[in-house]
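A short worksheet on the structure shown next.
What follows draws every value from the coordinates through simple rules; no lab data is involved. Just so we're clear, the structure is a prediction, and the values are computed from it rather than from any experiment. In this analysis, Cβ positions are derived from the backbone assuming ideal geometry, glycine residues included, and neighbour counts consider all displayed protein chains.
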Amino acid sequence: MIFVVATITAVSGRRNELLEVFGRYVQAFLSEPGCLDIVLTTDASEAGPIQTPLGADSFLAVERWASVGTMRAHLRSAYSAALMREAGGMLAASEVRVLQPHANGAKLGLVRGGETA
């Protein structure tokens with residue numbers, strides 16, 4: 001299992017519009033083989049000084065995939081190509097991190113809906 005954390009930055013003032021576009025594709029991505037979760041996130045306004053804000057133009061896409069192979073297949077999918085065509089003019093920048101659980105962290109397990117996954 002891998003995690004993908006993508007920082008997406010919209011052209012100034014267009015974050016909500018870009019989030020709407022990304023949001024229209026989440027269900028399609030979740031139907032792809034190996035896609036376990038996708039969540040689009042923005043700054044939690046109540047978090048206070050503990051957080052480093054993303055800012056008004058950015059959001060995170062936090063994804064969980066069965067493997068690097070399934071994530072790569074997703075990137076070549078028709079859905080991904082359509083998203084990039086639709087979002088292209090609103091997208092200022094993106095940074096993508098592909099992460100794997102560390103051996104010590106994996107021993108703790110993942111909690112989902114009150115159950116360990």
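If you take the C-alpha gyration tensor of the chain, multiply each eigenvalue by 5 and take the square root, what semi-axes do you get, largest first, in whole Å? Walk me through the numbers on the way to the answer.
Values: eigenvalues 118, 84, 29 Å².
Semi-axes (√(5λ), whole Å): 24, 20, 12.
So what is the relative contact order for segment 2-116, in percent, with contacts set as C-alpha pairs under 8 Å and at least six apart?
Details: 158 pairs, mean separation 51.0, N = 115.
Relative contact order for segment 2-116 comes out at 44 percent.
In what sequence do Ile2, Ile50 fall when counting other Cβ within 10 Å, fewest first? Display every interim value, and only then the final one.
On the way: Ile2 18, Ile50 6.
Arranged by neighbour count, lowest to highest, Ile2, Ile50 become Ile50, Ile2.
Can you put Met71, Met84, Met1 in order, fewest other beta carbons within 10 Å first?
Working: Met71 20, Met84 11, Met1 15.
Starting with the residue having the fewest Cβ neighbours, the order is Met84, Met1, Met71.
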